[in-house]
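The values are calculated or read from the model by the stated rules, or taken from the named source; none is laboratory data. Not measured: the values here are computed from a predicted model. Cβ placement follows ideal geometry from the backbone for every residue including glycine, while neighbour counts extend to all protein chains displayed.
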Amino acid sequence: MNIGLIDVDGHNFPNLALMKLSSYHKAKGDSVEWYSTFGDYDVVYMSKVFTHTLDYQMAITNARQIVRGGTGYDLTSRLPEDAEKVAPDYSLYPYIDKRTAYGFLTRGCIRKCPWCVVPKKEGGVKPYQDVDEIAVEGRDHLILMDNNILAAGDYGREQLVKIAERGYRVDFNQAMDARLVDEDTAQLLANIKWLNYIRFGCDTPGQIKDCVRAIELIRGRGYKKEFMLFTMLHGDINECYERVSYWRGKWNWKVTAQAQPYLNLTSVHQDIPQWQKDMARWSMRKWFYKTMDFKEFSPRKGFVCAEYFK
């Protein structure tokens, strides 16, 4: 069989589902390549992760079957069972270095944040894959995309212990839940080698105190690197401004926030308020975030963000 792949989102982050499908089909002896209008395919897989991504714009006339999957198309879509846990085909994305691997230790989440599709798509937290199954071919720099590893109970703790014991360097790139950090968990997190920094979510005013407590617990156990707080922008600009700005200058600049505009789960064309775009832009440029207040930020010639508060 000839298999074609289309990464509809087209961003620089690798599509794990397509990587697994590639490995699955190659193991069966099938030919796999990125889709081309000049090819001839038995099956073309189209994967779309985000609901706000525009669909693929070209007509596909050179495939006998087209399979569309991913959250951007259908919350119920799943990989074939035999493809779920195969090692990804890293050759699809040549820019991935030979020490880096991607995967999930768990799937699902116990929270029900209105901007997040995970609870609807995957349900509560459940074990998915052991970390040693992700760290294949000598890949010991792991990008883990779990949505709430700290809610996984004994299984989650066992995985964190194994990460520390193996010396893997990791990044839980979807952020962790500071509300679930206790003294034992803080020690586990402090023992781990982190690729960049520890990420926590801080999407509501009430989470500020939880993040402060978690940071202090982990710092007290020897962690010296930075923390990144993911902050969803939703609701009132004043509340968002206070929540994002709270971390400026804390712990000798080793805590920063990364604001994200609110995107609903259904619409491609969304009217994102300009203040959310500007606040996100300000926070994502670490030098701006650390050296100037949002109200001093000038995202466009002749405009200063203090105007939003008049």
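Data for the structure
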{"item": "Residue check, I218 more than 21 Å from the chain's Cα centre (by Cα), assigned by TED's automatic domain parsing to the domain that holds Y246, farther than 18 Å from E242 by Cα and buried (at least 20 other Cβ atoms within 10 Å of the Cβ)", "result": "yes"}
{"item": "Subset of region 71-91 that is aliphatic (A, V, I, L, M) and more than 19 Å from D132 (Cα to Cα) - its residue that is modelled with the lowest pLDDT", "result": "L75"}
{"item": "Residue pairs meeting the criteria (Cβ under 9 Å; at least 6 apart or on separate chains; first in a loop (DSSP other than H, G, I, E, B), in region 1-12; second among the small types (G, A, S))", "result": "M1/G29; M1/S31; V8/S47; V8/G70; V8/G72; D9/S47; D9/G70; D9/G72"}
{"item": "Unique match (being in a strand (DSSP E or B) and in contact (Cβ under 8 Å) with a residue 12 or more places away in the chain) among A87, A83, A101", "result": "A101"}
{"item": "Residue satisfying all of: in region 110-134; among the hydrophobic types (A, V, I, L, M, F, W, C) and part of a helix (DSSP H, G or I); nearest to T231 (Cα to Cα) among these", "result": "V118"}
{"item": "Residue satisfying all of: in region 39-75; assigned to a loop (DSSP other than H, G, I, E, B) and free of Cβ contacts under 8 Å to residues at least 24 places away in the same chain; farthest from G123 (Cα to Cα) among these", "result": "T61"}
{"item": "Subset of region 105-120 [in contact with a Leu (Cβ under 8 Å, 6 or more places away or on another chain) and surrounded by 19 or more Cβ atoms within 10 Å (Cβ to Cβ)]", "result": "L105"}
{"item": "Of all residues making up region 164-209, the number that are in a helix (DSSP H, G or I), under 18 Å from A135 (Cβ atoms) and under 19 Å from the mean Cα position of the chain (by Cα)", "result": "0"}
{"item": "Qualifying residues in region 51-75 (those that are of a type in the set (V, I, T) and within 22 Å of S23 (Cα to Cα)) - the one surrounded by the most Cβ atoms within 10 Å (Cβ to Cβ)", "result": "T71"}
{"item": "Odd one out for L160, checked against (1) under 19 Å from the mean Cα position of the chain (by Cα); (2) within 17 Å of R99 (Cα to Cα); (3) of a type in the set (A, V, I, L, M)", "result": "(2)"}
{"item": "Residue list for region 249-273, restricted to those being over 17 Å from M232 (Cα atoms) and at pLDDT 90 or above", "result": "K254"}
